[in-house]
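**Q** Dropping a structure here in structure tokens format, bear with me for questions.
The values are calculated or read from the model by the stated rules, or taken from the named source; none is laboratory data. Treat the numbers as computed from the prediction; the structure is a model and nothing was measured. Glycine also receives a Cβ, built like all others from the backbone with ideal geometry; neighbour counts cover every protein chain displayed. SASA here: full protein model, heavy atoms, side chains in, ligands and nucleic acids out. Shrake-Rupley method; radii C 1.70, N 1.55, O 1.52, S 1.80 Å.
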Amino acid sequence: MPVEQGVALLREACAQAAVDFALIDTVGVSSCGPFVKRDGRTSLVTPNICGGLVRDSVSGGLPNQWQSVPLESVLREHFHTLAIENDCVAALMAERAFGALRDIANCTYVTWSTGIGFGLCVDDRLLHGKNGNAGHAGHMLLADHSDAQCGCGNYGDVEALISGRNLETRFGRSAAELFNAAKAGDAVALEIASDAAKWFGRALFNVTATLDISMFVIGGSVWQHHGDWLQPLVVREMETRLPALTAGVALRRPKLDAYVADIGALYTVMPAEWVDNWRNQQPWRRFEAMRAD
């Protein structure tokens, strides 16, 4: 199960860092969702992990029949204190603390990758909702007559139309292959990628129109590698629809780059007195230097 794998990876990291795993009693978690409460504890019911959610899926299922993953219950066996956030909310927290969204009161973190997720902040307040699922706009319905099916069972939601997993299922080519081919001028791939950018822009428009957002920080593998040429297509889709709401809305990349969700997980349990030091020292830069070497 994924939670035990996560604990095993943490044990391995502790071993490599010469830290006694038994000394860790507080853990911050940045996880895909949605979440549900089972006996008062958080479980995952996520279509990108749980293959048993849609039994009649025409889009190709995952190689398991899980209905949910008992995230909190398993972690409570090992750790005394937990903070669990949706990965996009955690990324939003990190970018607001250390990155591109400092001093931005109305903002959103978005990921375009295996799935599509949002973390939302309005009037300087992060939105969570009743089960911590605020921001699941990737399951916002866009197309009435689409044959694109999401792992959640919806047809024509944002994730069904443009997520990396569902693009590969629909077109038989990985998202990386599709977008690389589009960038290289392949006409078929370019049509698919342009259509995906249109749907993504429409999703950003809907969130902007609903919450009066002033800035999006966009992460995830698709945007990381192709945002430079996709952004004009997305902006055009946004700004040509009711400019009174969308004109001047900024799209940025995460300053924390590939570490944004990891730093977000740590930030959920970070002592307040660490924050200024992290802002000044930017310790994640060490990992970037190590990766470059």
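**Q** Please indicate, with yes or no, whether at least one residue in segment 13-36 is under 25 Å from S221 (Cβ atoms), over 17 Å from the mean Cα position of the chain (by Cα) and not aromatic (F, W, Y).
**A** So far as segment 13-36 goes, yes, one or more of its residues are under 25 Å from S221 (Cβ atoms), over 17 Å from the mean Cα position of the chain (by Cα) and not aromatic (F, W, Y).
**Q** Taking segment 192-206 as the region of interest, how many residues are within 17 Å of G248 (Cβ to Cβ) and open to solvent by 10 Å² or more (accessible area, probe 1.4 Å)?
**A** Within segment 192-206, residues that are within 17 Å of G248 (Cβ to Cβ) and open to solvent by 10 Å² or more (accessible area, probe 1.4 Å) number 1.
**Q** Quick check, is G138 under 30 Å from R170 (Cβ atoms), modelled with pLDDT of 90 or more and open to solvent by less than 10 Å² (accessible area, probe 1.4 Å)?
**A** yes
**Q** Please work out if A189 is closer than 27 Å to D103 by Cα and either open to solvent by less than 60 Å² (accessible area, probe 1.4 Å) or without any contact (Cβ under 8 Å) to a residue 24 or more places away in the chain (or both).
**A** Here the answer is no, as A189 does not meet what is asked.
**Q** Suppose we filter segment 214-249 for residues that are among the polar types (S, T, N, Q) and crowded, with 19+ Cβ neighbours inside 10 Å; how many remain?
**A** 1
**Q** Might you let me know whether segment 84-102 holds any residue that is basic (K, R) and either assigned to a strand (DSSP E or B) or touching a residue at least 24 places away in the same chain (Cβ under 8 Å) (or both)?
**A** Among the residues of segment 84-102, at least one is basic (K, R) and either assigned to a strand (DSSP E or B) or touching a residue at least 24 places away in the same chain (Cβ under 8 Å) (or both), which makes the answer yes.
**Q** Inside segment 206-245, can you point out the residues that are without any contact (Cβ under 8 Å) to a residue 24 or more places away in the chain and not in a helix (DSSP H, G or I)?
**A** T240
**Q** So, of the residues in segment 36-51 that are touching a strand residue (DSSP E or B) at 6+ places or on another chain (Cβ under 7 Å) and more than 14 Å from N166 (Cα to Cα), which turns out to be surrounded by the fewest Cβ atoms within 10 Å (Cβ to Cβ)?
**A** For segment 36-51, the residue satisfying everything is V36.
**Q** Something else about it: Filter segment 157-186 down to the residues that are surrounded by fewer than 18 Cβ atoms within 10 Å (Cβ to Cβ) and outside any helix (DSSP H, G or I) and list them by number.
**A** G172, R173, S174, A184, G185, D186
**Q** If we keep just the residues of segment 37-56 that are under 21 Å from the mean Cα position of the chain (by Cα) and not β-branched (V, I, T), which is nearest to G129 (Cα to Cα)?
**A** Ranking the qualifying residues of segment 37-56, first place goes to K37.
**Q** Filter segment 103-126 down to the residues that are more than 11 Å from the chain's Cα centre (by Cα), under 30 Å from G156 (Cα atoms) and in a loop (DSSP other than H, G, I, E, B) and list them by number.
**A** Once the filter is applied, which keeps residues that are more than 11 Å from the chain's Cα centre (by Cα), under 30 Å from G156 (Cα atoms) and in a loop (DSSP other than H, G, I, E, B), segment 103-126 yields only N106.
**Q** Run L9 past the list (1) of a type outside the set (D, E, K, R); (2) assigned to a helix (DSSP H, G or I); (3) open to solvent by less than 60 Å² (accessible area, probe 1.4 Å) and report the number of the one that doesn't hold.
**A** Failed condition: (3).
**Q** Just wondering, is there one or more residues in segment 71-82 that are of a type in the set (S, T, Y), open to solvent by 40 Å² or more (accessible area, probe 1.4 Å) and under 21 Å from A137 (Cα atoms)?
**A** Scanning segment 71-82, I find no residue that is of a type in the set (S, T, Y), open to solvent by 40 Å² or more (accessible area, probe 1.4 Å) and under 21 Å from A137 (Cα atoms), so the answer is no.
**Q** Is it true that F98 is closer than 14 Å to L211 by Cβ and among the aromatic types (F, W, Y)?
**A** Against the criterion (closer than 14 Å to L211 by Cβ and among the aromatic types (F, W, Y)), F98 does not qualify.
**Q** What is the one condition in (1) in contact (Cβ under 8 Å) with a residue 40 or more places away in the chain; (2) more than 16 Å from T114 (Cβ to Cβ) that G164 does not satisfy?
**A** Status for G164: all satisfied but (2).
**Q** Here is a further query. Taking only pairs six or more apart or across chains, which ones have beta-carbon atoms under 9 Å, a first residue in segment 265-277 that is small (G, A, S), and a second residue that is part of a helix (DSSP H, G or I)?
**A** The qualifying pairs are A265/D87; A265/A90; A265/A94.
**Q** Let me ask something else. If R252 passes every condition in (1) over 17 Å from M140 (Cβ atoms); (2) open to solvent by less than 80 Å² (accessible area, probe 1.4 Å); (3) at pLDDT 95 or above but one, which one does it miss?
**A** Checking R252 against (1) over 17 Å from M140 (Cβ atoms); (2) open to solvent by less than 80 Å² (accessible area, probe 1.4 Å); (3) at pLDDT 95 or above, the one that fails is (2).
**Q** Quick one: would you say N64 is open to solvent by 40 Å² or more (accessible area, probe 1.4 Å) and at pLDDT below 90?
**A** no
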